[in-house]
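Enquirer: Here it is, the structure, as structure tokens.
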Amino acid sequence: MTVADERSGQAGGHVAPGGQRRWRAGTVFGTLGIVFAALMVILVVLLAVDQQVVTAVAARLQGETVPWTLERQRLGRNLEALRLEGLRVLTARDAGGRDEALFVVRMLAAQPGVGDDPRAAELVAEVEGFLTRVAGGAGRSDMLEWEALSARLRLLADDLSVEGGQRVTVELERMTRVMRLSRYKLMVSVLLMAAFLGSSLFVLRWLLILPLQRIRRELSALDGRAAPPDMPLATLAEIRAVGDALVRFHATLRENEEVRRKLEHLATTDGLTGLCNRRHFMGLAADELARAARYQRPISVAIADLDHFKRINDSFGHAVGDQILQGFAALVGDTLRQTDRVCRYGGEEFAFVFPETAPDEAARLADRLRERLAAAPLLLADGRQVAVTFSIGLADASAGTLEEGLAQADRALYAAKARGRSCTVVAEPRRLQP
């Protein structure tokens, strides 16, 4: 044996007869320990990076994405209101009504949020110029031009709402992806620990195996909605780091769960009334209509409008108007059945879906709601009472699409207003084309 071979055998092992190297146990376990420690450090760093990414995404959701989405939705509502007021300019019967509607149009066009979006600013300026030009009287060509502008306003409002939802979805998908990768990294770390312990001496069982079994049990039951895992202090720094990372990861899961619930509430609920918003309602209503069509069951839709709501806002202020909307929403929740669906459709309009209900039965439900509303005037702080009524149009939705049913209900609502308001009108059944 040469001097080099002797030094090699002393450092890491020796060469057995036949040329096969035999490593010393201390060297093997030392090498495994170094590799294992390096892998654990990398995994802990990756978990810390993932935690920072999730925290940054959550902060961005709260500080940027959600306010931006709400601003998009607010701008979309302003565009829809501008479209309705523009229609009033063209259809008003007297000069006073046109001037009032044109004033509202100019107020909406001057909103600060309009200038933040170049598309909205350009389109609103075009609409304002057109309405100013035709305020004295509109011909047939002007009405055709207005229909094109109105369609562009509606389309842009829808695009703004979709853009907000897509941005929130992208952030949530990124957060979910990082959380999934973090979970995989924790599982990999557990497997690496188990492999190392399986090849180690039995004496290390008390230092590694039992703590890892505890970590594995906590991982299998890890839930952001449950209590944080109870991780005992481990003797080895690596095991302790994993336990701390698991506790931090659970805390991140809990924060993410809370953010998810808040975002889901914001995305599906009207902030003033607590009812579901229009977008969420349309999805629920479409599901109800599909179920009714599948099982050949009756279903009715309705659109209601609080009578003279603008007059109430002008007389008592928007704060009272908001109280009325909230009171009406609470009354709807107390009066209708649990299976009925209702949303704030826009402004003072509300949309309904009555599953398993023919129009005549739905009309009785609507009349009961109208009677309860008429019997419960709103008491103001100064002692005055504000009596509120509403008009409602009903339609049978079992033979067509949701949009067709709502359009029929909307026409019935206009018929109810024409009859003097505070009444229920059921749309005539659709006649099949020969």
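What follows is calculated from the coordinates using simple rules that are stated; it is not laboratory data. As the structure is a prediction and not an experimental result, all values here were calculated from the model. Don't worry about glycine lacking a Cβ; one is built from the backbone with ideal geometry, like all the others, and counts go over all protein chains shown.
Enquirer: Give me the log10 of I(q) over I(0) for the stretch 250-290 at q = 0.19, 0.29, 0.31 Å⁻¹, as the Debye formula computes it from C-alpha points; what are the numbers?
Expert: Ignoring solvent entirely, the Cα scatterers give -0.63, -0.89, -0.94.
Enquirer: Please say if the stretch 271-311 is rounded, prolate or oblate, where rounded means a/c under 1.5 for a ≥ b ≥ c the square roots of the C-alpha gyration tensor eigenvalues, and otherwise the choice is prolate for a/b larger than b/c and oblate otherwise?
Expert: Judged from the Cα gyration tensor, the stretch 271-311 comes out oblate (a/c at least 1.5, b/c at or above a/b).
Enquirer: If you don't mind, there's one more thing I want to ask. Once fully extended, how much extra length lies between Asp158 and Arg177, figured as 0.36 nm per residue of separation less the alpha-carbon to alpha-carbon distance?
Expert: On the way: separation 19, 0.36 × 19 = 6.84 nm, distance 2.84 nm.
Contour length minus the Cα-Cα distance gives 4.0 nm.
Enquirer: Sticking with this structure for a sec: Cα centroid distance between the stretch 266-320 and the stretch 354-408, in Å?
Expert: 11
Enquirer: Report P(r) for the stretch 28-134: all Cα-Cα distances, bin width 10 Å, range 0 to the bin holding the largest distance, values in whole percent.
Expert: Calculated over all Cα pairs of the stretch 28-134, the distribution is 13, 26, 16, 11, 10, 8, 7, 5, 3, 0 percent.
Enquirer: Then there's this: Determine the dipole magnitude for the stretch 257-401: charges of +1 sit on the beta-carbon of Lys and Arg, -1 on that of Asp and Glu, nothing else is charged, the reference point is the Cα centre, and the result goes in debye to the nearest 20. It would help to have the intermediate numbers written out before the result.
Expert: Working: 18 positive and 21 negative charges, 42 e Å.
I would put it at about 200 debye.
Enquirer: So what are the ³J(HN,Hα) numbers for the stretch 352-358, from phi and the Karplus equation (6.51, -1.76, 1.60; θ = phi - 60°), rounded to whole Hz, Gly and Pro as x?
Expert: So the J values, rounded to whole Hz, are 10, 10, 10, x, 6, 9, 6.
Enquirer: Tell me, how many Å apart are the Cα centres for the stretch 79-145 and for the stretch 43-71?
Expert: Measuring centre to centre over Cα atoms gives 41 Å.
Enquirer: To check my understanding: the extent here is largest minus smallest coordinate of the Cα atoms along each principal axis. What are those three numbers for the stretch 278-426, in Å, largest first?
Expert: 53, 28, 24
Enquirer: Shifting gears a bit: Can you compute the label reach from Arg297? Point 7 Å from Cα along the Cβ direction, backbone N cut-off under 11 Å, restricted to the stretch 331-355.
Expert: Under 11 Å, as judged by backbone N against the label point of Arg297, lie 339-340, 355 of the stretch 331-355.
Enquirer: Shifting gears a bit: Computed FRET efficiency, Cβ-Cβ of Glu145 and Arg261, R0 51 Å: what is it to the nearest 0.05?
Expert: Working: r = 46 Å, r/R0 = 0.91.
FRET efficiency, Glu145 to Arg261: 0.65.
Enquirer: Given 0.36 nm per residue, what is the gain on full extension from His308 to Asp99 after removing their alpha carbon distance, in nm?
Expert: Numbers: separation 209, 0.36 × 209 = 75.24 nm, distance 1.92 nm.
The span from His308 to Asp99 would gain 73.3 nm if fully extended.
Enquirer: Taking R0 as 45 Å, what's the FRET efficiency between Glu64 and Asp287 from their Cβ-Cβ distance, rounded to 0.05? Show your work: numbers first, answer last.
Expert: Numbers: r = 32 Å, r/R0 = 0.72.
Once rounded, the FRET efficiency stands at 0.90.
Enquirer: Subtracting the Cα-Cα distance from 0.36 nm times the residue separation, let me have the gained length for Thr335 to Gln166 in nm, one decimal. Display every interim value, and only then the final one.
Expert: Numbers: separation 169, 0.36 × 169 = 60.84 nm, distance 3.56 nm.
So the extension gain works out to 57.3 nm.
Enquirer: Once Rh is set to the Kirkwood radius over Cα pairs, what Stokes-Einstein translational diffusion coefficient, in µm²/s, holds for the stretch 314-392 at a temperature of 20 °C and a viscosity of 1.002 mPa s? Before the final figure, lay out the partial values.
Expert: Working: Rh = 13.6 Å.
It diffuses with D of about 158 µm²/s by this estimate.
Enquirer: Please compute the modelled spin-label separation between Val188 and Met107, points set 7 Å along Cα→Cβ, answer in nm with one decimal.
Expert: Placing both labels 7 Å beyond Cα along the Cβ direction yields 6.0 nm.
Enquirer: Here's another thing I want to ask about it. Which order do the peptides 262-272, 295-305 come out in when sorted by mean C-beta neighbours inside 10 angstrom, highest first?
Expert: Ranking, from highest mean packing down: 295-305, 262-272.
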